[in-house]
Amino acid sequence: MEFSTIWLFVMTVAALLIIPGPAVLYIMGRSINQGKKAGLVSVLGVSLGGAVHVLAGAVGISAILLTSATAFTIVKYLGAAYLIYLGCKTLFSASDSKTSEIAQAPQKKWFKILCESALIEVMNPKTALFFLAFFPQFISPSAGSVSGQFLLLGAIFLALAFVSDSLYAMLAAGISKRMKGSAKLQNRVTGYVYIALGVFSAFASPEKT
């Protein structure tokens, strides 16, 4: 691929990442509720989920979502239901002390957050559709392997998104410190964010991606 094409892709992605999307709101919710470490772990999880979509797109598996309304609907509702479940679980957290324990979670909790974050991103069909619609604008068959170009663009996108999402996670962690005296408020904010994302995902359509 030509350097000018890659540079144009980088600039376009950077502009897109300035506007927070559902994944960023989810990450910020984690940071507000469980602290900076949890937020950064969720960033890594979302990146791993994004990598799955990149690999699937490169081999053509994600194209199924473009041709099968049923497949899209099933994946969409599963992801939405999981987000709403997390939101309700957060809203009904028992006490401030329990929230504090979660914020100081041991390493096994970090792994759970990592898996949950990756699962949420994998179950977001709009990510797959976005990659399949956006990446081809910068791919040229005459430049070599289309799959190789797709993987390269995917790696660049994920790297930029990781940096951007990490900044949002740290910003949210700063907000969390100001809310430190009210764990219940943190739970409410995070819970409502998750539920709102779930409802948004449930009613989203491929055309709105």
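Scanning region 137-147 for residues that are in a helix (DSSP H, G or I) and either without any contact (Cβ under 8 Å) to a residue 60 or more places away in the chain or of a type in the set (S, T, N, Q) (or both) turns up 137, 141, 142, 146, 147. Candidates in region 18-30 are the residues that are touching a Ser or Thr at 6+ places or on another chain (Cβ under 6 Å) and over 23 Å from residue 129 (Cα atoms); of these, the one that is surrounded by the most Cβ atoms within 10 Å (Cβ to Cβ) is 30. Scan region 142-164 and tell me whether some residue there is at pLDDT 75 or above and farther than 25 Å from residue 59 by Cα. Yes, region 142-164 contains at least one residue that is at pLDDT 75 or above and farther than 25 Å from residue 59 by Cα. Scanning region 54-76 for residues being open to solvent by 30 Å² or more (accessible area, probe 1.4 Å) and either modelled with pLDDT of 90 or more or in contact with a Cys (Cβ under 9 Å, 6 or more places away or on another chain) (or both) gives a total of 1. So which of 51, 15, 38 ends up being in contact with a helix residue (DSSP H, G or I) (Cβ under 8 Å, 6 or more places away or on another chain), open to solvent by 20 Å² or more (accessible area, probe 1.4 Å) and at pLDDT 85 or above? Unique residue meeting the criteria: 51.
The values are calculated or read from the model by the stated rules, or taken from the named source; none is laboratory data. Here the structure is a predicted model, which means the values were calculated and not measured. When we count neighbours, we look across all protein chains shown, and the Cβ atoms used for this are built from the backbone with ideal geometry, even at glycine. In case anyone asks, the SASA skips ligands and DNA or RNA and just uses the protein heavy atoms, side chains included. Shrake-Rupley method; radii C 1.70, N 1.55, O 1.52, S 1.80 Å.
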